[in-house]
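Worksheet: the structure to be examined is printed underneath.
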Amino acid sequence: MADMFTPEVRSKIMGSIRSISKLEQIVRKALWERGLRYRKNVKGMFGTPDIAIKKYKVVIFLDSCFWHYCPKHCALPKTNDSYWQIKLYRNVKRDYIVNSHYYEKGWNLMRIWEHQVKEEFDSVIDSIIDFVEKAKKYK
Ligand SMILES: [Zn+2]
């Protein structure tokens with residue numbers, strides 16, 4: 001990671017990466033236990049979905065509140081704030097591009113915020129299961 005970051009910012013970045021990958025694991029494990037079979041971090045697919053089920057044209061993204069600029073929680077680091085603004089807006093723009101890529105191809109795309117996983121875990125898992133069930137029906 002570039003040296004331009006202050007220790008405070010660096011630790012915030014590292015914390016947010018750890019936090020989201022931990023959440024990804026927990027979500028995947030819960031889905032697996034509910035009988036859902038999927039592929040994870042699919043490199044060959046546009047935007048590298050966190051969870052993908054090609055058979056039903058399902059892609060699911062778990063979005064870090066920091067990196068995807070959650071309207072509720074994303075607080076820009078105080079240092080270099082214009083750098084962060086540009087960087088995070090670029091991420092948001094990329095999310096839109098990824099969304100339209102899949103929508104145009106008739107895929108079922110779901111985005112889940114990190115805070116939803118933290119605050120309402122069971123209903124997030126339920127809603128993913130529902131989402132996949134619907135996708136199965138209409139494929
Ligand atoms: Zn959030």
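Quick note: the coordinates plus some simple rules give every number you see, no bench work behind them. Everything numeric here is computed off the predicted structure, so don't read it as measured data. FYI the Cβ positions are ideal-geometry reconstructions off the backbone, even for glycines, and counts take in every protein chain you see.
Give me 16, 123 ranked fewest to most by other Cβ atoms within 10 Å of their Cβ, as a rough exposure proxy.
If I rank by nearby Cβ atoms, fewest first, I get 123, 16.
What ranking do 97, 112 get, fewest neighbouring Cβ atoms within 10 angstrom at the top?
Listing 97, 112 from fewest to most nearby Cβ atoms yields 97, 112.
Run the helix sum for the chain: -39,500 (n - 2.57) per DSSP H stretch of 4+ residues, divided by residue count, reported at 222 nm to the nearest 500 deg cm²/dmol.
-18000 deg cm²/dmol
Jot down the radius of gyration and Dmax of segment 42-96, Cα atoms only, both in angstrom.
Here Rg and the maximum Cα pair distance are 13.8, 45 Å.
Please identify the chymotrypsin sites (Phe, Trp or Tyr not before Pro) of segment 3-100 that satisfy two criteria: DSSP loop assignment and at most 13 other Cβ atoms within 10 Å. Which are they?
46
In segment 1-85, which trypsin sites (Lys or Arg not before Pro) are in a loop and have at most 10 other Cβ atoms within 10 Å, using DSSP for the loop call?
Passing sites in segment 1-85 are 37, 43, 72, 78.
Treat every Asp and Glu Cβ in the chain as -1 and every Lys and Arg Cβ as +1, leave all other atoms uncharged, and give the resulting dipole magnitude about the Cα centre to the nearest 20 debye.
My answer is approximately 680 debye.
If you look at just the Cα atoms of the chain, how large are its Rg and its Dmax in Å?
For the chain, the Cα-based Rg and Dmax read 16.1, 50 Å.
Can you pick out the pairs among 87/137; 43/137; 12/136 whose Cα atoms lie more than 29 Å from each other?
Violating the 29 Å limit, Cα to Cα: 87/137; 12/136.
With a/c under 1.5 counting as rounded, go ahead and sort segment 88-131 into rounded, prolate or oblate using the C-alpha gyration tensor (a ≥ b ≥ c being the square roots of the eigenvalues; past the cut-off, prolate if a/b is larger than b/c, else oblate).
Oblate.
Suppose we keep just the DSSP beta bridges with both residues in the chain; what percent of those would be antiparallel, to 5?
Around 45 percent antiparallel, to the nearest 5.
Take segment 1-56, drop everything but the C-alpha atoms, weight them equally and run the Debye formula without solvent; then report log10 I(q)/I(0) at 0.30 Å⁻¹ to two decimals.
Here the Debye-derived log intensity ratios amount to -1.14.
Ordered by residue, what ³J(HN,Hα) values in Hz, to whole numbers, does segment 127-133 give under the Karplus form 6.51 cos²θ - 1.76 cosθ + 1.60, where θ = phi - 60° and Gly and Pro are x?
So the Karplus estimates, Gly and Pro as x, are 6, 5, 4, 4, 4, 5, 4 Hz.
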